[in-house]
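Values quoted throughout were computed directly from the atomic coordinates according to the rules given, and no laboratory measurement underlies them. It should be emphasised that the depicted structure is a prediction, and the values quoted were computed from it without experimental measurement. Every residue, glycine as well, gets a Cβ built from its backbone with ideal geometry; the counts of neighbours run over all protein chains shown.
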Amino acid sequence: MPGAEKLGPDSLDGLVLVSNPAVTPDGRYILYTAARVSLATDSYESSILAVKVDSGEQIVLQSGPRDSCPVPSPDGRRYVFARKVEQRDRRGNKLPGIELRLASLDAPGASQLIARVEGIVSLSWSPDSRRLAAALPMGRPDEDVKEIETLPVWFNGKGFVYKTRIEPFIIDVDSGIMERIELGLNWLQVSDVAWSPDGKKIAISVAADMLRPYLLDVYVYDVENGEAHVVAQGLRGYGELAWSPDSKLLAYLGHRGERGFSSHQKIMLLNPETGGLECLTCSLDRNAVNTVNSDVRFRSCLKKLQWTIRGIYFLVSDSGRVILYRVQPGMEPEPVLDPGEAVVDEFSASRDGSIIAYTLMTPVDPKELYLYRGMEARRLTRHTEAWKRRYKLAQPRRFSFRASDGATVEGWVLPPPEGVEQRGWVLYIHGGPKTMWGYGFMHEFHVLSNAGYTVVYVNPRGSDGYSEDFADIRCRYGERDYMDLMEAVDYVVKQLGLPKSRAAVMGGSYGGFMTNWVIGHTSFFRAAVTMRGISNWISMYGTTDIGWYFVEDQLCCTPWRRSDLCWEKSPLRYADRIETPTLIIHSNEDYRCWLDQALQLYTALKLRGVETKLAIFPGENHDLSRSGKPRHRVKRLQLILDWLNKHIPGARNED
Ligand SMILES: CSCC[C@H](NC=O)C(=O)N[C@@H](CC(C)C)C(=O)N[C@@H](Cc1ccccc1)C(=O)O
């Protein structure tokens, strides 16, 4: 029976975010994190729980409130986890602080501090369960005047990183003694570490070229003699690594940059002896990672690929769904767990691959923990059930249409729930551009739909979930992607009967860029909300964490090479055409798309007399809508609703 309460902005309160399903290698326990959103404490209160696979019994391992990321040991007896601690330097600047702790699965509660670190990028147990390979960020910014000689200066979610190197270590878990693995590099950012099953080697993927940090080299470190040698160079992508069960081969998650940052992530087989590389998933022509958008996720430390005796497991984004796949060298990739119109969000497999723990979500179900065994899927938790019972959630409907160049474009409409009067509708544009809308749970969409707005969300060209060619809009931002979106608008008006005069457009990041672009090219929409967006590619280039290489790759220009193109593709260039009332939302620590992007648009609209408002969220970053402080998230949603309600009048008979 659906509940009667309206799902408003503050319905975030009490929602439990289930994440990090980590099965012990022997398949006896599944450890996971449950984080409760609390408006009272303005935080995510996270604890670590476990389910006994055989009995289904649930155990609280760490009651929190800031514990997450359990990583079980190979012998299945212990686990390490992260405890967030508040740290400040002498001047009171906030510093990220993590305690890496060790606990026993037989004695819930008790835990022992291993190390106090600034973050954890990657962890991998030694097969004897006595040591950990770790990639840890080292080096803090100057407390007062920042004296900077490197790039990037800052990084979204991390702050000033100009002195940070991400270095590989071996940690003895019982003594806490940390030993640095020397790779002989001056500047390095390790992205992953993987200890081989025979215990002899640690594979490390690392960026060593400060000006091209997207280029990754793979090293193999010999644990016995302490020597490291390069086995592959100049790879790209996520850089995650997994050893074959016989410790002879490596699986590498990434690509060779065939289509720059528009390339699909692929599972590549790397022979560390010969340096030979073979693509195992190219025939799929789908991205071998999960890129579906959702705003109900919590920190997870699970690997994105895992090699068991049954093969290499990984997720695939496909037409809004996320499917668990497996591939064996020399064979074609095969789906293992296709959830239908749903998303397998994260997974882990037992050593023999017979047990798979995963989280699953649908557009109307926030994430819960599931178990897959013997071809059967079983739900193990019900953390979100009571929350769900309070509200009425509408079901989205999928549509597709043939774009003017013949391609098929997919989208969904989420109407208001039964009994809620339709006020208007919103075209909501996703970020990336290489992410996808689909079957992920979007709390924000339900807030809009409960307020009477049908949400229209479309995967235009540039999106993920389709072929690599579909995702590749390099040098052509604002062209085919814009046409797909406006053709979708035409479709929902003509075919689905959405009212022409009560439409708004909104989006974040690339979706914020596109919102700015849309209002500079049409006055169709009554209101716009642009969030964490881009208005000027020239200033974007040099002010952000990834700007200097992402802009060149995607826009094909720099401020001094083909700058005319950067400017031609900048929404600010068309500011004199904008008539749409526009709410601009930005965070003052957004180092992905810096605040100058919002300020320039705001100033232009103000001077031109277009109705506008700028909301700056202090202490928040690019991820405000997904992991910002709960009260800020509520405030943000309220601002959006107020703007829509003001500019989309409920004039029902206008069309
Ligand atoms: C180093 S290449 C990856 C860039 C990245 N793409 C991921 O989707 C990205 O941050 N893109 C921005 C726009 C870009 C700065 C022009 C973006 O649109 N981000 C999206 C996607 C995203 C989703 C979840 C977490 C991070 C990014 C957004 O913020 O919604």
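Laid out as a table, the results:
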read-out: Rounded if a/c under 1.5, otherwise prolate or oblate - segment 24-68, Cα gyration tensor axes; value: prolate
read-out: Nearest-ten-degree value, helix 630-647 long axis tilted from longest Cα axis of the chain; value: 20 degrees
read-out: Overall dimensions of segment 315-442 by Cα: Rg and Dmax, Å; value: 17.4, 56
read-out: Which of Thr41, Thr308 has the fewest Cβ neighbours within 10 Å, and the rest in rising order; value: Thr41, Thr308
read-out: Cα-only Debye scattering, segment 16-180: base-10 log of I(q)/I(0) at q = 0.12, 0.14 Å⁻¹; value: -0.60, -0.79
read-out: Unit charges at the beta carbon, dipole of segment 354-505: most positive-side option, Gln495, Leu448, Gly465; value: Leu448
read-out: Dipole axis of segment 16-180 (+1 Lys, Arg; -1 Asp, Glu on Cβ), positive-most option in Ser175, Ala110, Asn93; value: Asn93
read-out: Anisotropy class of segment 510-655 from Cα gyration tensor, a/c 1.5 cut; value: oblate
read-out: Cα centre as origin, Lys/Arg/Asp/Glu Cβ charges: the chain dipole, Debye; value: 1580 debye
read-out: Dipole-positive endmost among Val292, Ser262, Ser196 within the chain (Cβ charges, Cα centre); value: Val292
read-out: Directionally averaged shadow of segment 246-356, computed from the convex hull of its alpha-carbon atoms, nm²; value: 7.8 nm²
read-out: Size of charge dipole - segment 163-260 - debye, nearest 20, with Cβ of Lys, Arg +1 and Asp, Glu -1, no other charges; value: 540 debye
read-out: For the chain, cysteines whose Cβ has no other cysteine Cβ within reach (under 4.7 Å); value: Cys593
read-out: Distance in nm between pseudo-label sites at Glu118 and Glu579 (7 Å out along the Cβ direction from Cα); value: 5.1 nm
read-out: Qualifying lysines (Cα of each under 16 Å from Cα of Lys635; at least 8 residues distant if same chain); value: Lys613
read-out: Reachable lysines, given that their alpha-carbon falls under 19 Å from the alpha-carbon of Lys94 and they are not under 8 places away in the same chain; value: Lys84, Lys146, Lys158, Lys163, Lys629
read-out: Cα-only Debye scattering, segment 454-580: base-10 log of I(q)/I(0) at q = 0.17, 0.19 Å⁻¹; value: -0.90, -1.10
read-out: Percent of C-alpha pairs per 20 Å bin, the chain, short to long; value: 19, 55, 26, 1
read-out: Relative contact order (%) - segment 308-349, alpha-carbon pairs under 8 angstrom, separation at least six; value: 35 percent
read-out: Ranking of Asp217, Asp128, Asp564 by count of other Cβ atoms within 10 Å, fewest first; value: Asp564, Asp128, Asp217
read-out: Reachable lysines from Lys569, criterion Cα separation under 19 angstrom, eight or more residues apart if same chain; value: Lys434
read-out: Check: segment 16-180 dipole with +1 on Lys, Arg Cβ and -1 on Asp, Glu Cβ, in debye; value: 200 debye
read-out: Acute angle (nearest 10 degrees) that the helix 510-521 long axis makes with the longest principal axis of the chain, alpha-carbon atoms; value: 20 degrees
read-out: Per-residue [θ]222 nm for the chain (sum of -39500 (n - 2.57) over DSSP H runs n ≥ 4, rounded to 500); value: -4500 deg cm²/dmol
read-out: Helix axis angle, 480-494 relative to the chain longest principal axis, alpha carbon, degrees; value: 60 degrees
read-out: Fewest-first sequence of Leu315, Leu427 by Cβ atoms within 10 Å of each Cβ; value: Leu315, Leu427
